[in-house]
Amino acid sequence: MRLLLATDHYLPFIGGAHRQTHLLARHMVSRGHDVAVVTPWHGGLPTREDDDGIDVHRVRQLRTVVPALVRDASQRHQPPFPDPVSIPALRRVLRETRPELVHVNGWLAFSLTAALAGRRVPLLVSAREYTYFCATRTMLHQGLPCSGPAPRKCLACAADYYGTAKGVVTAASVAAGRPLLARKMTGLHSVSTYVHDVTLEYLCGGSEAAAARGLVQATIPSVLDATVDVHDERVDACLAGLPAEPYIMFVGAFREAKGLDVLFDAYGRLDAPPPLVLMGTIKRDSPKVFPPGATIVTDVPHAAVMAAWKGAMFGVMPSRWPEPLGMVLAEALSMGRPVIGTQVGGHADIVDEASGILVPQGDAGALAAAMRTLIDDPQLRARMGRAAGERAKTFAAEAVLPRYEELYRSMLAQEDPAAAASGDET
């Protein structure tokens, strides 16, 4: 198959969705498919390159030709509306790559919808978070899981998150682009049951509307990248600063949505706790103060994260938002470590009773109790660790990739074979 994967971010930037596009592309190439990737251009990067058999195209945005709109010259974020500079660049990529199927993730979908006008190419939209109907992408309202989009609520959340002017534009753009995307898409891929349910409701108009228009649907988790024992100077430097004794470990962006305030509160309630290790990236809403004695490691290579799990007692990810999936937990499971997650969201698709504990969002008392249970019972940790390794096999590439291929083929089967193969305009 000729596939075009479109994503808001790609390597060298780190992050869950960034890595997943790269992993999917790399594995699909290894399975004999012709794969191209299109992503926004960022300062200092080539507009086109060969990434070990993956044809990578980087397209410019309006903000790259209007300097006043650029806040970060190194990493730019795609706007939540059809970008007048990106659209013709995307059309050029479509002509050059002639994909049989386009698979998109992120706000680039709004520009791609416009670029695909007049083309009979199946469009698979990946819901890896809440990008297509939530202006902040978090489905979080006043610190707790949101009950769904509504104009006043979305405007208030967006203004609080981005500032008034940018928030109004973002919320209005997402609301306006949602129906256009829903009409153009021919398939929906979701990374978890929770994400599928809310995306079907708030993007596609519900299950009956999706079924009436023949929308192909599949819930397929992300691909686990359990690469270990890859060491270089950066990896060794990260590992050198970790505690010698077993520790509690958090991995992820240092964001309010990740529940770090809940973690710090719960950790402070423990008597003589093990060391706390936090590995991740600094964001604009990152905490200003961390617990005394905590080990903070930022901008960590993935290989260092995987190696660090070897020294952890267990992992903890107390997300306030409904975590779309939470592959960090799957990575911990693959290293034989039990985990603590939260009940609402994708963690329920990763963690079962044998491999970890789920607690309510925002409940520091319940989190402290779960942490104390694992700290005080080494035998329980050992049993959960063994179950964790088995559970992680569900997310291995050999289990997940055939499901993606089946989804792609089912979408192509619904199209006119000649039109789908050529990608010609109609």
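The values are calculated or read from the model by the stated rules, or taken from the named source; none is laboratory data. Because the structure is a prediction, the values reported are computed rather than measured. Every residue, glycine as well, gets a Cβ built from its backbone with ideal geometry; the counts of neighbours run over all protein chains shown. The area values use the complete protein model at the heavy-atom level, side chains included, leaving out ligands, DNA and RNA. Shrake-Rupley method; radii C 1.70, N 1.55, O 1.52, S 1.80 Å.
Points to keep in mind about this one:
- Taken as a whole, the condition of being open to solvent by less than 30 Å² (accessible area, probe 1.4 Å), of a type outside the set (Ser, Thr, Tyr) and more than 19 Å from the chain's Cα centre (by Cα) does not apply to Leu239.
- Evaluating Cys157 against the criteria (1) farther than 27 Å from Leu407 by Cβ; (2) buried (at least 20 other Cβ atoms within 10 Å of the Cβ); (3) more than 20 Å from the chain's Cα centre (by Cα); (4) touching a residue at least 24 places away in the same chain (Cβ under 8 Å) leaves one unmet condition, (4).
- The number of residues in region 349-370 that are in a strand (DSSP E or B) and either of a type in the set (S, T, N, Q) or without any contact (Cβ under 8 Å) to a residue 24 or more places away in the chain (or both) comes to 2.
- Close Cβ contacts (under 9 Å, 6 or more residues apart or on different chains) running from residues in region 388-417 that are within 22 Å of Val216 (Cβ to Cβ) to residues that are of a type outside the set (Ser, Thr, Tyr) and exposed (fewer than 12 other Cβ atoms within 10 Å of the Cβ) comprise Gln414/Gly214.
- Residue match in region 162-172 (condition: buried (at least 21 other Cβ atoms within 10 Å of the Cβ) and under 23 Å from the mean Cα position of the chain (by Cα)): yes
- Subset of region 356-384 (residues that are open to solvent by 50 Å² or more (accessible area, probe 1.4 Å) and among the β-branched types (Val, Ile, Thr)): Thr373
- If you go through region 141-154 and keep only what is in a helix (DSSP H, G or I) and either open to solvent by 50 Å² or more (accessible area, probe 1.4 Å) or charged (D, E, K, R) (or both), you end up with Pro151, Arg152, Lys153.
- Check on Asp51, charged (D, E, K, R), farther than 28 Å from Gly206 by Cβ and surrounded by 19 or more Cβ atoms within 10 Å (Cβ to Cβ): no
- Enumeration of residues in region 277-292 that are outside any loop (DSSP other than H, G, I, E, B) and touching a residue at least 40 places away in the same chain (Cβ under 8 Å): Met279
- Val125 closer than 25 Å to Leu401 by Cα and in contact with a His (Cβ under 9 Å, 6 or more places away or on another chain): yes
- Filter result for Ala210 (touching a Cys at 6+ places or on another chain (Cβ under 9 Å), small (Gly, Ala, Ser) and closer than 30 Å to Ala175 by Cβ): yes
- Only listed residue being under 21 Å from Leu5 (Cβ atoms) and of a type in the set (Val, Ile, Thr), chosen from Val344, Val351, Val339, Val400: Val400
- Test result for Arg128, more than 15 Å from Arg178 (Cβ to Cβ) and crowded, with 22+ Cβ neighbours inside 10 Å: yes
- Among residues of region 243-262 being in contact with a helix residue (DSSP H, G or I) (Cβ under 6 Å, 6 or more places away or on another chain) and not in a strand (DSSP E or B), the one that is modelled with the lowest pLDDT is Gly252.
- Subset tally (residues that are at pLDDT 95 or above, open to solvent by 60 Å² or more (accessible area, probe 1.4 Å) and either closer than 20 Å to Leu329 by Cα or more than 27 Å from the chain's Cα centre (by Cα) (or both)) for region 394-426: 0
- Search result, residues across region 371-403 that are out of contact with any helix residue (DSSP H, G or I) (no Cβ under 7 Å at 6 or more places or on another chain) and either within 20 Å of Val35 (Cβ to Cβ) or assigned to a loop (DSSP other than H, G, I, E, B) (or both): Asp377, Ala396, Glu398, Val400, Pro402, Arg403
- Hits in region 171-213 (condition: over 19 Å from Arg128 (Cα atoms) and either in contact with an Asp or Glu (Cβ under 8 Å, 6 or more places away or on another chain) or not in a helix (DSSP H, G or I) (or both)): Arg213
- Residue match in region 317-333 (condition: more than 17 Å from the chain's Cα centre (by Cα) and buried (at least 24 other Cβ atoms within 10 Å of the Cβ)): yes
- A Cβ distance below 7 Å, combined with a sequence gap of six or more or placement on separate chains, defines the contacts here; from region 174-187, residues that are within 15 Å of Asn105 (Cβ to Cβ) and open to solvent by less than 20 Å² (accessible area, probe 1.4 Å) reach residues that are in a loop (DSSP other than H, G, I, E, B) and hydroxyl-bearing (Ser, Thr, Tyr) in the pairs Leu181/Tyr132.
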